1. Among the listed residues Leu124, Leu75, Leu52, which satisfies the condition of being farther than 24 Å from Asp205 by Cβ, modelled with pLDDT of 95 or more and touching a helix residue (DSSP H, G or I) at 6+ places or on another chain (Cβ under 6 Å)?
2. Filter segment 76-127 down to the residues that are touching a Phe, Trp or Tyr at 6+ places or on another chain (Cβ under 8 Å), in a helix (DSSP H, G or I) and under 25 Å from Tyr209 (Cβ atoms) and list them by number.
3. Among the residues of segment 1-58, count how many are among the hydrophobic types (A, V, I, L, M, F, W, C), more than 17 Å from Asp73 (Cα to Cα) and part of a helix (DSSP H, G or I).
4. Which of the numbered conditions does Ser153 fail, given that it passes all the others? Conditions: (1) of a type in the set (Gly, Ala, Ser); (2) at pLDDT 95 or above; (3) under 30 Å from Gly249 (Cβ atoms).
5. Among the β-branched types (Val, Ile, Thr) and surrounded by 22 or more Cβ atoms within 10 Å (Cβ to Cβ): does that describe Ile201?
6. Inspect all residues belonging to segment 89-108 and state whether any of them is in contact (Cβ under 8 Å) with a residue 40 or more places away in the chain, outside the structural domain of Glu173 (by TED's automatic domain parsing) and crowded, with 21+ Cβ neighbours inside 10 Å.
7. Looking only at segment 176-184, decide whether some residue is at pLDDT below 95 and polar (S, T, N, Q).
8. Please state which of the following conditions Arg67 fails to meet, knowing it meets all the rest: (1) among the basic types (Lys, Arg); (2) surrounded by 14 or more Cβ atoms within 10 Å (Cβ to Cβ); (3) closer than 27 Å to Ser253 by Cβ.
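The values are calculated or read from the model by the stated rules, or taken from the named source; none is laboratory data. From a predicted model like this one, the values you see are computed outputs, not experimental measurements. Methodologically, a virtual Cβ is constructed for each residue, glycine included, from the backbone with ideal geometry; neighbour enumeration extends over all protein chains shown.
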Amino acid sequence: MRHLTGFADLATEYDGFVIDLWGVIHDGVTPYAGAVECLERLQRLGKPFVLLSNAPRRAALAREGMRGMGIDDALTTRIVTSGEVTWKMLQDRTDPFFAGLGRRVHFIAPPHERGLLEGLGLVLTDGPDDAEFVLVAGPDPAVGSTDLGAWESMLAACHAAHLPMICANPDLEVIRDGSRLICAGALAERYRELGGTALMIGKPDPAVYIPAVAMLGLDGGRLLAVGDALRTDIAGAKAAGIAACWVLGGIHSEELAGDSKIVEKVARDAGLAPVAALQAFVW
């Protein structure tokens with residue numbers, strides 16, 4: 001693993017890039033210093049990149065959120081979100097798991113994620129008892145966004161109702177504006193522990209890399225994925241057969257403590273071998 005201080009060398013060595021958002025470009029509220037400039041430099045070099053995020057919302061809404069952070073739309077023309085993939089699968093119903101879900105859904109999400117339901121003809125239920133499946137986009141802060149235990153009774157009720165679960169964001173946790181919050185993936189994993197069936201849509205599933213790579217418009221060429229989370233970004237790149245660069249200043253920053261020996265051990269223990277590591281996505 002190469003330990004680099006900037007992305008410039010990698011930019012010249014690869015032909016296209018699959019770049020994570022949360023933990024690499026922004027923290028959910030503010031872009032990281034130097035990250036937007038890095039995207040701009042790639043664009044000026046004519047190096048195509050696609051933004052691949054486990055955000056549980058449609059791509060247009062993710063783009064709108066970045067616009068609100070001051071990130072120009074010209075940098076977000078290629079974007080794939082786990083929410084967009086989930087929405088498409090719920091619309092098409094060609095996958096056997098989705099074909100048998102029914103239309104009555106118990107939706108677990110913060111209020112701002114309601115856009116994931118639009119245009120699907122789903123009936124939103126008041127609780128698990130009269131639902132046919134449960135869709136999780138993330139914990140509602142009104143119940144609890146830091147303590148998984150706050151969701152135990154709800155998850156138990158969904159299991160008692162024998163509801164299959166769709167998880168639109170496999171991430172377990174995220175750092176938002178300095179605070180560590182649980183994500184939809186944590187609820188889905190706990191649901192599996194209770195004996196429930198949960199399908200997670202997004203990284204590290206290699207299937208989500210197919211539309212992302214297609215957007216790059218490259219016929220072959222060397223690709224590099226950039227992400228901060230070992231479990232999703234780096235493992236997902238490996239599953240998709242793409243080299244990976246690990247950004248250390250995101251979700252793992254506390255455990256890594258900027259120590260290159262710890263960085264290499266943590267990656268090795270996870271069975272992963274990113275080609276390079278950066279403290280931050282800077283040029």
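1. Just one listed residue meets the conditions, Leu75.
2. Met89, Leu90, Asp92, Leu116, listed by residue number.
3. 3
4. Checking Ser153 against (1) of a type in the set (Gly, Ala, Ser); (2) at pLDDT 95 or above; (3) under 30 Å from Gly249 (Cβ atoms), the one that fails is (3).
5. yes
6. Looking through segment 89-108, at least one residue is in contact (Cβ under 8 Å) with a residue 40 or more places away in the chain, outside the structural domain of Glu173 (by TED's automatic domain parsing) and crowded, with 21+ Cβ neighbours inside 10 Å.
7. Yes, some residue in segment 176-184 is at pLDDT below 95 and polar (S, T, N, Q).
8. The single condition Arg67 does not satisfy is (2).
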